[in-house]
1. How many residues does region 108-138 contain that are at pLDDT below 95 and either surrounded by 18 or more Cβ atoms within 10 Å (Cβ to Cβ) or not charged (D, E, K, R) (or both)?
2. Could you tell me which numbered condition residue 141 fails, if it satisfies all but one of (1) more than 23 Å from residue 221 (Cα to Cα); (2) open to solvent by 40 Å² or more (accessible area, probe 1.4 Å)?
3. Restricting the search to region 168-210, which residues are touching a helix residue (DSSP H, G or I) at 6+ places or on another chain (Cβ under 9 Å), without any contact (Cβ under 8 Å) to a residue 40 or more places away in the chain and closer than 23 Å to residue 235 by Cα?
4. Can you pull out every residue in region 56-81 that is free of Cβ contacts under 8 Å to residues at least 40 places away in the same chain and farther than 14 Å from residue 136 by Cβ?
5. Just to be sure, is residue 28 under 17 Å from residue 254 (Cβ atoms) and open to solvent by 40 Å² or more (accessible area, probe 1.4 Å)?
6. Do any strands (runs of 3 or more DSSP E) entirely within region 245-291 hold 1 or more residues that are closer than 16 Å to residue 218 by Cβ and touching a residue at least 60 places away in the same chain (Cβ under 8 Å), and if so, which?
7. Being of a type outside the set (Lys, Arg), free of Cβ contacts under 8 Å to residues at least 60 places away in the same chain and either closer than 23 Å to residue 154 by Cβ or in contact with a helix residue (DSSP H, G or I) (Cβ under 6 Å, 6 or more places away or on another chain) (or both): is that true of residue 36 here?
Amino acid sequence: MDPVRSNNGPRYKHLADEPAPYDTISVDKLTPIIGGEIGGVDLSRPLGNRTLDEIHRALAENLVIFFRDQHLTQDQHLAFGRLFGDLHLHPAAPHEPGKPELMIIHADKDSPRANGEGWHSDVSCDPEPPMGSILYIKKCPPRGGDTLFASMYAAYEALSDRMKTYLDGLTAIHDGEHYRGQYANYGIADKPSYPRAEHPVVRTHPVTGRKALYVNKGFTRRILGIPRDESDGMLRYLYEHMANPLFQCRFRWSENSIAFWDNRCVQHHAMWDYWPHTRSGNRVTVAGDRPF
């Protein structure tokens, strides 16, 4: 039996108000819960205040938004990211020469790994994890290479009231030590240490005020204040729960597409099912603040 179903229908029953129409962009929702494809905007051109406000709104309403057929220079990509805040510097990943804020995303037939495998929220090990990530894919495999996104609002709201009470006030350790050796194929030497931080298991989004689960398999090592075996069991349950397809959308990339996701309420998982083909682009990451 599906773990989020019962004889009374799905445990998580998403009921949202019909959004007001947009004036300067179009939004085609991928699912009722998460994801929206944005039309009617060229990100290489200056954005008016109204358009920028509507992109902000579309991100808040859809959690991850997508733009197709965009043709940006590296500097335009960086400038678009700066419209949403200061830019975050990745603690380990390679970047374009002279542009430390512009992360390289690349996998080909000789790569030992691909970016984004496994469910995670970007760099949640930082004391102030990124607000959002803007990934621009310029080269795609002929098939495959999709990215899955999951709503951590929905994952939290689908929990029982007893489970929500149990998790309330708990914190967990997020650790970046797994970066060690991860980018050796780019000639990047390991640092003496990588970020490590304590964050709430359930965080409150600073813009929407909604609660979201904030543990992920990529970075979370243990829940504090409970026995180790209890922490391990609880994290296993939460990881299985939050990966349910009910909470997800799936984006099929095409060349010159952009995905912009909110790390405060979204996890993602990039599929590496396209070997020996190449998937390549850049990511700009918008800085965030300390979760609460």
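The values are calculated or read from the model by the stated rules, or taken from the named source; none is laboratory data. None of these values were measured; they are calculated from a predicted model. All Cβ positions, even for glycine, are placed from backbone atoms using ideal geometry, and neighbour counts span all protein chains on display. Calculation scope for accessible area: heavy atoms of the full protein, side chains included, ligands and nucleic acids excluded. Shrake-Rupley method; radii C 1.70, N 1.55, O 1.52, S 1.80 Å.
1. Final tally of qualifying residues: 6.
2. In the conditions (1) more than 23 Å from residue 221 (Cα to Cα); (2) open to solvent by 40 Å² or more (accessible area, probe 1.4 Å), residue 141 misses (2) alone.
3. 201
4. Taking region 56-81 as the starting set, the residues that turn out to be free of Cβ contacts under 8 Å to residues at least 40 places away in the same chain are 56-58, 62, 73, 75-76, 79.
Correct list: 56, 57, 58, 62.
5. Details: under 17 Å from residue 254 (Cβ atoms): yes; open to solvent by 40 Å² or more (accessible area, probe 1.4 Å): yes.
Taking the combined requirement at face value, the residue satisfies it.
6. 257-262, 266-270, 279-286
7. Here the answer is yes, as residue 36 does meet what is asked.
A quick yes/no check of all residues on (1) of a type in the set (S, T, N, Q); (2) on the phi > 0 side of the Ramachandran plot; (3) not in a strand (DSSP E or B):
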site	(1), (2), (3)
141	no, no, yes
145	no, yes, yes
150	no, no, no
162	no, no, yes
173	no, no, no
182	yes, no, yes
